[in-house]
Amino acid sequence: MKPACLLVAGILLAIASADEHNHVYEPNEEVVVWMNTIGPMNNWQETYDYYQLPFCHGDSPVQHHHETLGEALQGMDLINSGIPMSYLVPARDEPICTATLQHRDIDLFRYAIANKYWYQMFIDDLPLWGRVGRMVDNEIDSEQGNADTDDDGAPAEYIYTHKIFTIGYNEDRIIEINLTDSNPIRLDPSASSVELEFSYSVEWVPQDKDFKDRFNRFLDADFFEHKVHWFSILSSFMMVLFLTGLVAIILLRTIKRDFTRYDKEDGLGDFDRDIGEDYGWKQLHGDVFRQPPKLMLLSSLIGVGNQLMILSAVVILYTIVGDLYVERATILTATIFLYALTSGVAGYTSASYYAKNGGKDWIRNVMLTASLWPGAVASVGGFVNAVAIYYSSSRAIAFSVILAMLAIWVFLCFPLTLLGAIVGKNWAGQPDFPCRVNPIPRPIPEKLWYFEPLVVIALGGILPFGSIFIEMYFIFTSFWTYKIYYVYGFMFLVFGILLIVTACVTIVSTYFLLNSEDHRWHWMSFLTCASTSAYIYIYATYYFFSRTRMTGLFQASFYFGYTGLVCLGMFCLLGAVGHWATSQFVRKIYQNVKID
Ligand SMILES: *[C@@H]1O[C@H](CO)[C@@H](O)[C@H](O)[C@H]1NC(C)=O
């Protein structure tokens, strides 16, 4: 157990010391220029190590940045570029290095330029982006680069060989950096070898902006705080009011009817009581608390869903409080550890639900609960990773990182799930249903087509989907393109609205189901709003084809694989919420039923 503990402690330490640098410089102090990754502009997730392209490296020895778990998973690999830079020391056309390109290297660069490759760098934890080169039509651009252009007039590839850093500083801190690529040199496809000299300039500009506001220029307020965003929140909020009103009316009606009946019963004879208004859902009191089919799977899904719900809420709140979006990959690292720490929730809810409904094989139930979600993540991640390795992308997850994840599962997730399950089984696992179950199940009568479970499930997802639809556009746009999502307050609000809508829709549709004298509400209430995830996936597919210009197998498998995973998570989460709300509702209304 010792090495794994050390590993986990090491990773925790790495998170704690991610902010090793205090961002304060003295004149002449070294400013390290880190190269991160390079990749096609339209495929954000398809990234490669910068030095996989035959760029040359500056004088200093190759040095890697210490990675956190999140950075390793996101394929970040910061390498010291060897560009000499010192605080407040300007540079003008200084050489970096000379690259000798063979024919193959020239072709690689031409491919990268034709596919709009761009790279990312970090200076003082500020990201910078630059282009490898550009396509130029020979005729138009004859004074740029080499004069001896071909006659065919086809566009030619030009590689940028000069970087201009314009750095704004405020006393001893770096505030903003602009990177300009210049001095394009034509890459001649027929040349057998060519020498390229790379150079750079640095200019220091005093500024009076505050250091703590320096990330604001990356946040697109016009986009994220657009009127549409506020309107969508408002309309979802109205929907919540309407739905909660509907649920309240249903609850009041049924309860009021019970009360009037009791009042009448006091003054009436036995005859009236016998022919009382026992119809619809009341008939089912001997069946509603029957053990649901596939109990083990249902309780595991519920456990996972509860954990993911708590996890999402905690991560969103933590991001709001900690302004995590400004730091590299911190959200992912935090999510992994919070996931491990919330494993007890899954064990507790799953085991108590399982035991309450008469399940006996609790060990297998714990195993299933603990491995359901990690198993799904591992299969999708494994597939995408295989493609990433085939592409030799920097996204390929190293074996050591996989071992670290495995260790987190073995030494944190599983024991916590087990602990939660033992507590849940013993403290909250006793059946305490208000009605006894009849030995023989009641036959389910024929009903109208729109009460059929499949129809209800398909329709049930529409309202919750409608309430998050606009927010999803914002989240997708920031995740799959280059905007930084920072309005986590909106996200939290929408998340809350989604949960309430889900609970209400499920309660209402279960009420109608029970009124049509169908007692199979356990799975129904789980699936009614879980179907929202199918709508999300359909929307994601539409988004892929109409809003992005992603290409290639790697980006497609990344997109569809991880979107599918998120949808699976939503499936469990919304199902669990809907089922929980409905259980409370069912318990409430059957408490008042008189059994003669
Ligand atoms: C960087 O570019 C932006 C936009 O072009 C400009 O407003 C800003 O002053 C520049 N910063 C520096 C330090 O030159």
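Averaged over residues, the count of other Cβ atoms within 10 Å places the peptides 73-85, 312-324, 368-380 in the sequence 73-85, 368-380, 312-324, highest first. For the chain, the dipole from Cβ point charges (+1 on Lys and Arg, -1 on Asp and Glu) about the Cα centre works out to 3620 debye, to the nearest 20. When the chain is described by a simple charge dipole with +1 on each Lys and Arg Cβ and -1 on each Asp and Glu Cβ, the residue from L406, A334, A396 located farthest towards its positive end is L406. As a length-normalised measure over Cα pairs under 8 Å and 6 or more apart, the relative contact order of the chain settles at 17 percent. Between the C-alpha center of region 477-495 and that of region 65-103 there is a gap of 30 Å.
Computed per residue of the chain from DSSP H runs no shorter than four, each worth -39500 (n - 2.57), the mean residue ellipticity at 222 nm is -17500 deg cm²/dmol. As a fraction of the 1.4 Å probe accessible area of region 286-590, surface on carbon and sulfur atoms comes out at 73 percent. Simple rule: put +1 on each Lys or Arg Cβ and -1 on each Asp or Glu Cβ in the chain, find the dipole, and look at A114, S516, L454; the Cα lying farthest toward the positive end is S516. Taking every C-alpha pair closer than 8 Å and separated by at least 6 residues, the mean separation divided by the residue count of region 25-213 gives a relative contact order of 25 percent.
Amide H contacts under 5 Å for W44: none, restricted to partners 5 or more places along the chain or on a different chain, H placed in the peptide plane at 1.01 Å from N. Across the options G569, I440, Y559, the greatest Cα extent toward the positive end of the charge dipole of the chain (unit charges at beta carbon of Lys, Arg, Asp, Glu) belongs to I440. Per residue, the chain exposes 49 Å² of accessible surface when a 1.4 Å probe is rolled over the protein heavy atoms with every protein chain present. Across region 286-590, C-alpha contacts under 8 Å between residues 6 or more apart give a mean separation that, scaled by the residue count, equals a relative contact order of 27 percent. Of the solvent-accessible surface of region 25-213, computed with a 1.4 Å probe over protein heavy atoms with every protein chain present, carbon and sulfur atoms account for 46 percent.
For the chain, the longest principal axis of the alpha carbon atoms and the long axis of helix 414-428 meet at an angle near 20°. Protection proxy ranking, highest mean first, for peptides 351-358, 571-578: 571-578, 351-358, where packing is the per-residue count of other beta-carbon atoms within 10 Å, averaged. Each residue of region 209-216 is assigned a 3J(HN,Hα), and the resulting list reads 6, 7, 4, 6, 9, 6, 7, 4 Hz, derived from the Karplus form 6.51 cos²θ - 1.76 cosθ + 1.60 (θ = phi - 60°), x at Gly and Pro. For region 25-213, the dipole from Cβ point charges (+1 on Lys and Arg, -1 on Asp and Glu) about the Cα centre works out to 300 debye, to the nearest 20. Scoring 296-303, 218-225, 416-423, 50-57 by mean Cβ neighbours within 10 Å over their residues and listing the highest first yields 296-303, 416-423, 50-57, 218-225.
The long axis of helix 103-114 is offset from the longest Cα principal axis of the chain by roughly 50 degrees.
Taking the longest Cα principal axis of the chain as reference, the axis of helix 532-547 is set at about 30 degrees. When +1 charges are put on Lys and Arg Cβ atoms and -1 charges on Asp and Glu Cβ atoms, the dipole computed for region 473-594 relative to its Cα centre reaches about 160 debye.
The values are calculated or read from the model by the stated rules, or taken from the named source; none is laboratory data. Since the structure is predicted, the reported quantities are computational estimates derived from the model, not experimental observations. Because the Cβ atoms are built from the backbone with ideal geometry, glycine has one as well, and the counts that use them run over all protein chains shown. Each accessible area value is taken on the protein alone, full model and side chains, heavy atoms only, with ligands, DNA and RNA left out. Shrake-Rupley method; radii C 1.70, N 1.55, O 1.52, S 1.80 Å.
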